[in-house]
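A.B. asks: Dropping the structure in here first, questions after.
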Amino acid sequence: MVTKTTKAKTTKAKTTKAKTTKAKTTKAKTTKAKTTKAKTTKAKTTKVSKTLRTKIICISHKEDADGISSAALIRQAFGGESILVDYPGQMEALRQVVTDEKLKSLYICDLGLSKKTQDEFVDILTTLRKKRISVTYIDHHDIDPNVIKSLEKIKVKIIHDVNECTAVQVYSAFKSKLSDHSSFIATCAAITDYMEDRPIGSKLLQIYDRQFALISATVLTYNIVGHQKDPDYLLYLVEELSDSKFPHEIPNTFEFAQIQVEKLSQMIAKVKAGMKTMKNLGYMEILDAGASGAVNFVLGLSGKNVGVAYKERVDHGIYAVSIRGSKSLKTHLGKIVNILASDLGGSGGGHDKACGAVIPKEKILTFVKELNKKLN
């Protein structure tokens, strides 16, 4: 009797041990399965998060046909979104896109750098490249060689030629992805940037009737200049041009251009009455129009080698300045203005005979006087 009880207890103990072992084994398998599933889920999540980087953005200059046309060509070639900015808004736009978790590719067009902005520009692009975001910088303004080296070091794709406008460079670089009509968009940009006589720009102009190209470029420019306070319309122009539309095919462009022509004709009398001169330049504050639209009148009517027009930007506490030089001017205006504007707490730069600047409100007359001295 005692033996049977002992045997029974032993059997029971073995059974309990077997159940415990089985339970542990089952639990271990379950835990392992959960762990494996968790790892798989995590892997899938990681994979999904990588595929979310699909956004393409082009940041381009909004104040002239070169910037608008460049944005249109990038849109035609790659799709994506356009962000149009002036020089005061350039860095803020970059600060915004650097935080975009969906950004995959960034194109920056027709936005020259100054001594004030170039270091932050390199820093932001470095941050983007560390995130493995593709960055392409396309421009034709004078750039500090050290900046180019810094951008090449972080593998930013640079397309830069001071002898062709930005839109022509975009066209040349991505021609295989563009429609035949894109050459006309680039031609208009070259004309309005006074670069239709350059190697590529001149060949593009030969494709089209000269007068047709000139009037199209002019109409496009007047619509851009006249809608600077209407960002939605400027984006609409980008979309229409990217859809291979001629300027005359975009509704009401000729009618609006006629209004702008009338305003500009009135500007002649205002410049004659309000313009002042120094030894080497003519200058004037513009109150009811854009500085870029008036500066050529200041240059021509002053009889000087340089014309300066500036308009207050109340929202930024600065003056937006446009500077133009005559054909006989030997000095590179863009380089002088870059250094001078930076010394005064602003920024600026551009081409040899056409450039711009952003100057603190209280320093505007100092800027004009110092520019006049440097032109000696």
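A.B. asks: Kindly establish whether V170 is assigned to a helix (DSSP H, G or I), in contact (Cβ under 8 Å) with a residue 60 or more places away in the chain, touching a helix residue (DSSP H, G or I) at 6+ places or on another chain (Cβ under 8 Å) and outside the structural domain of H351 (by TED's automatic domain parsing).
C.D. replies: Details: assigned to a helix (DSSP H, G or I): yes; in contact (Cβ under 8 Å) with a residue 60 or more places away in the chain: yes; touching a helix residue (DSSP H, G or I) at 6+ places or on another chain (Cβ under 8 Å): yes; outside the structural domain of H351 (by TED's automatic domain parsing): yes.
Criteria met by V170.
A.B. asks: Kindly indicate which of V321, V225, V238 is under 22 Å from the mean Cα position of the chain (by Cα), among the aliphatic types (A, V, I, L, M) and not in a helix (DSSP H, G or I). Before the answer, list the steps.
C.D. replies: Working: V225 fails: not in a helix (DSSP H, G or I); V238 fails: not in a helix (DSSP H, G or I).
Step by step, each of V321, V225, V238 is checked, and only V321 is under 22 Å from the mean Cα position of the chain (by Cα), among the aliphatic types (A, V, I, L, M) and not in a helix (DSSP H, G or I).
A.B. asks: Within region 288-300, how many residues are under 21 Å from I336 (Cα atoms) and either buried (at least 20 other Cβ atoms within 10 Å of the Cβ) or among the β-branched types (V, I, T) (or both)?
C.D. replies: Residues that pass the stated criteria total 5.
A.B. asks: Another question, then. For region 100-141, what are the residues that are charged (D, E, K, R) and in a loop (DSSP other than H, G, I, E, B)?
C.D. replies: Across region 100-141, the qualifying residues are D100, E101, K102, D110, K115, K116, K131, R132.
A.B. asks: Something else now. Against the conditions (1) of a type outside the set (V, I, T); (2) out of contact with any strand residue (DSSP E or B) (no Cβ under 8 Å at 6 or more places or on another chain); (3) surrounded by fewer than 15 Cβ atoms within 10 Å (Cβ to Cβ), where does E152 fall short? Just the number, please.
C.D. replies: (2)
A quick yes/no check of all residues on (1) polar (S, T, N, Q); (2) closer than 26 Å to Y222 by Cα; (3) free of Cβ contacts under 8 Å to residues at least 60 places away in the same chain:
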{"position": "M275", "(1), (2), (3)": "no, yes, yes"}
{"position": "A289", "(1), (2), (3)": "no, yes, yes"}
{"position": "V295", "(1), (2), (3)": "no, yes, yes"}
{"position": "L299", "(1), (2), (3)": "no, yes, yes"}
{"position": "V321", "(1), (2), (3)": "no, yes, yes"}
{"position": "N338", "(1), (2), (3)": "yes, no, no"}
{"position": "L344", "(1), (2), (3)": "no, no, yes"}
{"position": "G348", "(1), (2), (3)": "no, yes, no"}
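A.B. asks: For the structure I just gave you, tell me whether K115 is surrounded by fewer than 22 Cβ atoms within 10 Å (Cβ to Cβ), modelled with pLDDT under 95 and either over 29 Å from E196 (Cβ atoms) or in the same structural domain as Y319 (by TED's automatic domain parsing) (or both). If you could, list the steps in order and put the result at the bottom.
C.D. replies: Details: surrounded by fewer than 22 Cβ atoms within 10 Å (Cβ to Cβ): yes; modelled with pLDDT under 95: yes; either over 29 Å from E196 (Cβ atoms) or in the same structural domain as Y319 (by TED's automatic domain parsing) (or both): yes.
So K115 passes the test.
A.B. asks: Another one. I'd like the full set of residues that are surrounded by fewer than 19 Cβ atoms within 10 Å (Cβ to Cβ) and either assigned to a helix (DSSP H, G or I) or not assigned by TED's automatic domain parsing to the domain that holds L281 (or both), limited to region 301-318. Steps first, answer last, please.
C.D. replies: Quick first cut of region 301-318, residues surrounded by fewer than 19 Cβ atoms within 10 Å (Cβ to Cβ) only: 301, 303, 312-317.
Scanning region 301-318 gives a single hit, L301.
A.B. asks: Looking at (1) among the small types (G, A, S); (2) surrounded by fewer than 17 Cβ atoms within 10 Å (Cβ to Cβ); (3) part of a helix (DSSP H, G or I), which is the one condition that is false for A213?
C.D. replies: (2)
A.B. asks: Can you name every residue in region 142-167 that is in contact (Cβ under 8 Å) with a residue 24 or more places away in the chain and either part of a loop (DSSP other than H, G, I, E, B) or not assigned by TED's automatic domain parsing to the domain that holds K116 (or both)? Working first, answer last.
C.D. replies: Here is the first cut: in region 142-167, the residues in contact (Cβ under 8 Å) with a residue 24 or more places away in the chain are 142-144, 147, 150-151, 154-156, 162-167.
Across region 142-167, the qualifying residues are D142, I143, D144, I154, K155, V156, V162, N163, E164, C165.
The values are calculated or read from the model by the stated rules, or taken from the named source; none is laboratory data. Keep in mind that what you see is a predicted model, and the values were worked out from it rather than measured. Glycine also receives a Cβ, built like all others from the backbone with ideal geometry; neighbour counts cover every protein chain displayed.
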